[in-house]
Ligand SMILES: [Zn+2]
Ligand SMILES: [Zn+2]
């Protein structure tokens, strides 16, 4: 399994997951040009994407979708609420329901409801041949349901949106600060660390901090706080960026022969 986080943050989100010969794109919140530019050095071709999975309808997760679908006729999988809330919902999309696993080629995808100010948002657990990846961003709380469904993952991609103090003293207007910190906003570093502490187990290999605010967070703060939670565990830690792709080799079969670059 190989994960390429092409972009992560409020400026746009897109992650490619390759496993067992199947390649899926989770969210398409960057322009087509950017998508291709970031895929190319990784040896990824947009033609190989077999399906697009959407977490929710916010612009930073869908704004590149329309152009992508004009060039690549692949199925879009999203909850009915997400599809209804999209300005231009893709035709022939396949509805997802939280808790109901669907199969995309070799990858089994389980949508899990998140707590966010969108119509029907989800995160995903993606599984292929015993390798398990959890991807959760855009949630104001890490619920019991998320904890339960994301247990046993080898790789966790978890939102570390903001540092609570930086958000509090930062330049955002008060209503926006409240929205971000609310139960339907975004996870703070502290909340993410608490979630990871609950989810840590002996087979956890990699944790990626996702969807960092460029105003209310610092990558080095996220790394330091995650490292404190996972001290002595041998778990690999890294932080995804808005500006450059991050590749995680999650072991097991990929669709490639040169997997392993990291
Ligand atoms: Zn977002
Ligand atoms: Zn959102």
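Couple of notes before you dig in:
- Any pair with Cβ under 6 angstrom, 6 or more apart, that starts in the range 115-130 at a residue that is closer than 18 Å to residue 142 by Cα and free of Cβ contacts under 8 Å to residues at least 24 places away in the same chain and ends at one that is in a loop (DSSP other than H, G, I, E, B) and within 15 Å of ligand 1 (Cβ to nearest atom): none
- Checking residue 103 against (1) touching a strand residue (DSSP E or B) at 6+ places or on another chain (Cβ under 9 Å); (2) part of a loop (DSSP other than H, G, I, E, B), the condition it does not meet: (2)
- In the range 218-257, the residues that are part of a loop (DSSP other than H, G, I, E, B), under 18 Å from the mean Cα position of the chain (by Cα) and modelled with pLDDT of 95 or more: 240, 241, 242, 243, 244, 245
- Across the range 58-73, the number of residues qualifying as in contact (Cβ under 8 Å) with a residue 40 or more places away in the chain and either within 13 Å of ligand 2 (Cβ to nearest atom) or farther than 22 Å from residue 10 by Cβ (or both) comes to 4.
Residues checked against (1) assigned to a loop (DSSP other than H, G, I, E, B); (2) within 16 Å of ligand 1 (Cβ to nearest atom); (3) over 23 Å from residue 83 (Cα atoms); (4) at pLDDT below 95:
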position	(1), (2), (3), (4)
11	yes, yes, no, no
17	no, no, no, no
25	no, yes, no, no
28	yes, yes, no, no
38	no, no, yes, no
41	no, no, yes, no
47	no, no, yes, no
60	no, yes, no, no
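- Take the conditions (1) more than 15 Å from ligand 1 (Cβ to nearest atom); (2) over 10 Å from the mean Cα position of the chain (by Cα); residue 6 misses just one of them, which is (1).
- From the list 166, 145, the lone residue that is touching a residue at least 24 places away in the same chain (Cβ under 8 Å), part of a helix (DSSP H, G or I), more than 27 Å from residue 201 (Cα to Cα) and over 16 Å from the mean Cα position of the chain (by Cα) is 166.
- Filtered residue count, the range 1-48, keeping only those that are surrounded by fewer than 24 Cβ atoms within 10 Å (Cβ to Cβ), within 16 Å of ligand 2 (Cβ to nearest atom) and on the phi > 0 side of the Ramachandran plot: 2
- Yes/no for residue 166 being at pLDDT 95 or above and either surrounded by 22 or more Cβ atoms within 10 Å (Cβ to Cβ) or within 16 Å of ligand 1 (Cβ to nearest atom) (or both): no
The values are calculated or read from the model by the stated rules, or taken from the named source; none is laboratory data. Treat the numbers as computed from the prediction; the structure is a model and nothing was measured. Here the Cβ is made from the backbone with ideal geometry for all residues, glycine too, and neighbour counts use every protein chain on show.
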